[in-house]
Amino acid sequence: MTIAIIGAGPAGLRAAEVLSGAGLKVDVFDRMPSLGRKFLMAGRGGLNLTHSEQASSFVQKYGQAADWVRPMLEAFPPEVVQIWADGLGQETFVGSSGRVFPKAMKASPLLRAWIARLTAQGVSFHTSHSWTGWTDDGALSFTTAAGPVTIEAEATLLAMGGASWPRLGSDGGWVSILQAQGVAITPLQPANMGFKLDWSPIFRERFAGQPLKAVGVRFGDRQVRGELMITSAGLEGGALYALSADLRRAIEAEGTATIEIDLKPSRTRDDLTARLHATRPGESLANRLRKAAGLSPAAANLLREAKGVDLVHDLPGVIKRLPILLTGAQGLDRAISTAGGVALDQVGPDLQLLARPGVYLAGEMLDWEAPTGGYLLQGCLASGDWAARAMVAAQAVSG
């Protein structure tokens, strides 16, 4: 009899590592032809494993699920993630922002070393296996290119992710399967996503794909520094992702949400006022914005796009607090992660599904969310580790 893990993302692979390390026979199933596709995508811009932030503030990044996720983070904290990566031959470093990366900055070397470790520990991998639920006698059922397959498992971990970037494997197909078992599911929604704006055709054509570097974004009483990217549909980037849960709720309630962008957070309003007043009489506005305010062409034209003829009335003020109206959130197909999922009251403290004993959950299938910056991946790893240790303990009791 095997321990079955369905989903070969970070949560599933970490669980496989713990279970196989305890001497249990583990089979990992994934619907894609290769393993860890979304994990590899996450590493394209530099694999952000976790964050070096203090534990007390770290856990608050999980919002409404902070108290629920706290024990998992304490059991598998960021410093242990660094030790784990080092043990795979992927030495880590802490960046200037506090984020933790492997020195290789890519996901592929770590994933190769990880799979090699799991294989050496006896884990078997089965790709192109799409899970379709359970048979009448309780076996796991899959569709494959060779036809239907059933597997009898002593215990099962479901770690199939949410529904963001479905072409990479997480399509949310498990929702209807679990609902048929009486499991309450919070509707899946985009998280860490971009937002829509009604750009003018000229601005969209000229500046889509241009970054807004080192800016501040304010919404309500929260302000986040980071980078934004202008897209043909609106804005994306880490500074927005950190606010995405609050922005999504506001848009759901009101239809729109207004953020304020500080285009020069490193300068005070008084400093900008002095610099702009020191320019030569008759100098063009474009030159004043470029030379005195230090704005890029994209940032300067964003001012014009948002304020139009009102721009010159309080130039330092709009540079520091430029209002931008968001008209909607981008969909799951382009979101980095997923909000919603199996309601947290549907699993026990060990992450075992109450409606189906012997079935455990981990990762984004559960109803929690976290911003990018290391918090999302940390949560997936920690929940996979937590569920697997509970499975090991349960097997020891039953054995």
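The values are calculated or read from the model by the stated rules, or taken from the named source; none is laboratory data. Since the model is a prediction, treat every value here as computed from it, not as a measurement. Note that we place each Cβ from the backbone using ideal geometry, even for glycine, and neighbour counts take in every protein chain shown.
Comparison of V94, V69 shows that the only residue that is surrounded by 20 or more Cβ atoms within 10 Å (Cβ to Cβ), within 21 Å of the chain's Cα centre (by Cα) and either among the basic types (K, R) or at pLDDT 95 or above (or both) is V69. Is it true that V392 is of a type in the set (A, V, I, L, M) and free of Cβ contacts under 8 Å to residues at least 60 places away in the same chain? Here the answer is no, as V392 does not meet what is asked. Of the residues A298, A274, the single one that is among the aliphatic types (A, V, I, L, M) and more than 18 Å from V217 (Cα to Cα) is A274. Taken across the stretch 312-330, residues that are more than 20 Å from Q223 (Cβ to Cβ), in contact with a Ser or Thr (Cβ under 7 Å, 6 or more places away or on another chain) and in contact (Cβ under 8 Å) with a residue 60 or more places away in the chain do occur, with at least one present.
For the stretch 345-385, enumerate the residues that are within 16 Å of M160 (Cα to Cα) and assigned to a helix (DSSP H, G or I). Correct list: G363, E364, M365, L376, L377, G379, C380, L381, A382, S383, G384, D385.
Is it true that some residue in the stretch 145-157 is over 22 Å from G237 (Cα atoms) and under 19 Å from the mean Cα position of the chain (by Cα)? Checked against the condition, which is being over 22 Å from G237 (Cα atoms) and under 19 Å from the mean Cα position of the chain (by Cα), the stretch 145-157 yields no hits at all.
Checking each residue of the stretch 128-137 against the condition of being assigned to a helix (DSSP H, G or I), charged (D, E, K, R), in the same structural domain as V80 (by TED's automatic domain parsing) and out of contact with any strand residue (DSSP E or B) (no Cβ under 9 Å at 6 or more places or on another chain) gives no match. Selection over the stretch 37-53 of residues that are out of contact with any Lys or Arg (no Cβ under 9 Å at 6 or more places or on another chain) and either modelled with pLDDT of 95 or more or within 15 Å of S164 (Cβ to Cβ) (or both) gives a count of 4.
The set of residues from the stretch 158-189 being under 17 Å from D367 (Cβ atoms) and outside any loop (DSSP other than H, G, I, E, B) comprises L158, W174, V175, S176, I177, L178, Q179, I185, T186, P187, L188, Q189.
When the helices (runs of 4 or more DSSP H) confined to the stretch 1-107 are screened for residues that are aliphatic (A, V, I, L, M), those reaching at least 3 such residues are found at 10-21, 37-42, 66-75, 78-87. On the stretch given as the stretch 346-365, residues that are in contact with a Phe, Trp or Tyr (Cβ under 9 Å, 6 or more places away or on another chain) and under 30 Å from E227 (Cα atoms) total 1. From the list W134, W114, the one residue that fits, being under 22 Å from the mean Cα position of the chain (by Cα) and under 23 Å from M32 (Cβ atoms), is W114. Can R356 be described as more than 30 Å from G98 (Cα to Cα) and of a type outside the set (S, T, Y)? Yes. Those residues that are of a type in the set (A, V, I, L, M) and closer than 16 Å to R269 by Cβ, I need them from the stretch 287-298; list them, please. Answer for the stretch 287-298, where residues must be of a type in the set (A, V, I, L, M) and closer than 16 Å to R269 by Cβ: L289, A292, A293, L295.
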